[in-house]
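This report refers to the structure that appears directly beneath it.
Read-outs: derived from the displayed coordinates by stated rules, not from any lab. Worth saying up front: this structure is predicted, and the values here are computed from it rather than measured. When we count neighbours, we look across all protein chains shown, and the Cβ atoms used for this are built from the backbone with ideal geometry, even at glycine.
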Amino acid sequence: MKRTGAIIPSFTTWPALLIRIILFTLLWVVLTGGQTESWLLGLPAVLIATWVSVQERRFPTVRLSFWSSIRFMGFFLKASLISGLDVVRRALHPKMRLHPDLIDYRLSLATEAARIFMADVVSLLPGTLSADLAGGRLTIHVLDRNMPVHAELEALEERVAAMLEAGVPRRTPIEGGG
């Protein structure tokens, strides 16, 4: 039942739409502390966020594995803690030398959403920053090219693939860098 000019795309089911409205409403309540005066801005924000989220062209449907997501969160927290402590150690140790470098990493993730998520997560981990994502190649700035970056990226990519059900990545070598 496709109508031209419809505000809500025909591929969206009402239960899915209702769930999105509820989630965006809860997010608004959390962000504003439940203040009633915030709804003058909140109601249009929730409706616009819902409308934008159902635009399949912008936000393709992503399959998400619940248990892999839980495992990913544990992995991410552990990696953040370990790499964060490493960055602190490097910052506080005056003789600790840095060897910054740009590293090209060929991603094996099957979907664009998974590749974008991977690039974003790399930037959230201390000591690394995604510098460019072009096609299946991710350029990463690292604080020290002597760190085991390749192994860490492979482990991260495997968990992203499992969580987003984006296929099991194949091992690919890092090119460039040191």
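For the stretch 42-172, what does the equivalent ellipsoid look like in terms of its semi-axes, each the square root of 5 times an eigenvalue of the Cα gyration tensor, given largest first in whole Å? Don't skip to the end; give the middle numbers.
Details: eigenvalues 177, 64, 45 Å².
Taking √(5λ) for each Cα gyration eigenvalue gives 30, 18, 15 Å.
Just check the stretch 100-155 against the gyration tensor rule for me: Cα atoms, a ≥ b ≥ c as the square roots of the eigenvalues, rounded for a/c under 1.5, and otherwise prolate or oblate depending on whether a/b exceeds b/c. Since a/c reaches 1.5 and a/b is larger than b/c, the shape of the stretch 100-155 is classed as prolate. Selection among L133, T111, A155 by position relative to the dipole of the stretch 66-175 gives A155 as farthest towards the positive end (Cβ unit charges, Cα centre).
State the extension gain, in nm to one decimal, for the chain segment bounded by I70 and T13, taking 0.36 nm per residue of separation less the distance between their alpha-carbons. Working shown, then result.
Details: separation 57, 0.36 × 57 = 20.52 nm, distance 2.75 nm.
17.8 nm is the gain from fully extending I70 to T13.
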